């Protein structure tokens, strides 16, 4: 099942290419309106999801690097042990691995995660995110759906 890591590699390439483009074309906090509810804007996140622990003083960098590395290794082992029939779970794990490693690369290269996709409604803004975050989110949703399907068949 390790051939599903190709999906992870595609996510990493898309994530890093999109971040390289935004870094080359935007200044921090520069906003480009795409639609009335969607902007491109360069922001950095030193924390985790929703900027959790962003203001923790620096130790969180090492924590999140260690966490992303450990979780990715655990998910790769899980992926390796999957049965061939567990394609849904393999896709989910590959997405989460790709997203985690995409953001890990940012932390190692920049000391923070590059975010640039921003949805909003009037003055209400969803936290800015990136391709890696989308992959993680979709992967987790697929895992949750699979767990509900497994409960129904049990």
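The values are calculated or read from the model by the stated rules, or taken from the named source; none is laboratory data. Everything numeric here is computed off the predicted structure, so don't read it as measured data. Quick reminder, even Gly has a Cβ in these numbers, built from the backbone with ideal geometry, and neighbours come from all protein chains shown.
Observations
- Residue 109 being free of Cβ contacts under 8 Å to residues at least 24 places away in the same chain and within 21 Å of residue 27 (Cβ to Cβ): yes
Conditions (1) surrounded by 13 or more Cβ atoms within 10 Å (Cβ to Cβ); (2) at pLDDT 95 or above; (3) assigned to a loop (DSSP other than H, G, I, E, B); (4) under 13 Å from the mean Cα position of the chain (by Cα), marked per residue:
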position: 6; (1), (2), (3), (4): no, yes, no, no
position: 13; (1), (2), (3), (4): yes, yes, no, yes
position: 16; (1), (2), (3), (4): yes, yes, no, yes
position: 20; (1), (2), (3), (4): no, yes, no, no
position: 34; (1), (2), (3), (4): no, yes, no, no
position: 41; (1), (2), (3), (4): yes, yes, no, no
position: 50; (1), (2), (3), (4): no, no, no, yes
position: 57; (1), (2), (3), (4): no, no, yes, no
position: 61; (1), (2), (3), (4): yes, no, no, no
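- Residue match in segment 87-110 (condition: surrounded by fewer than 22 Cβ atoms within 10 Å (Cβ to Cβ) and outside any helix (DSSP H, G or I)): no
- Cross-chain or 6+ apart pairs with Cβ under 7 Å, segment 70-84 first and part of a helix (DSSP H, G or I), then surrounded by 15 or more Cβ atoms within 10 Å (Cβ to Cβ) and at pLDDT below 95: 79/1; 80/1
- Among the residues of segment 119-132, just one is touching a strand residue (DSSP E or B) at 6+ places or on another chain (Cβ under 6 Å), without any contact (Cβ under 8 Å) to a residue 40 or more places away in the chain and not in a strand (DSSP E or B), namely 126.
- Evaluated against (1) closer than 11 Å to residue 11 by Cβ; (2) in contact with a strand residue (DSSP E or B) (Cβ under 6 Å, 6 or more places away or on another chain), residue 116 falls short on exactly one condition, (1).
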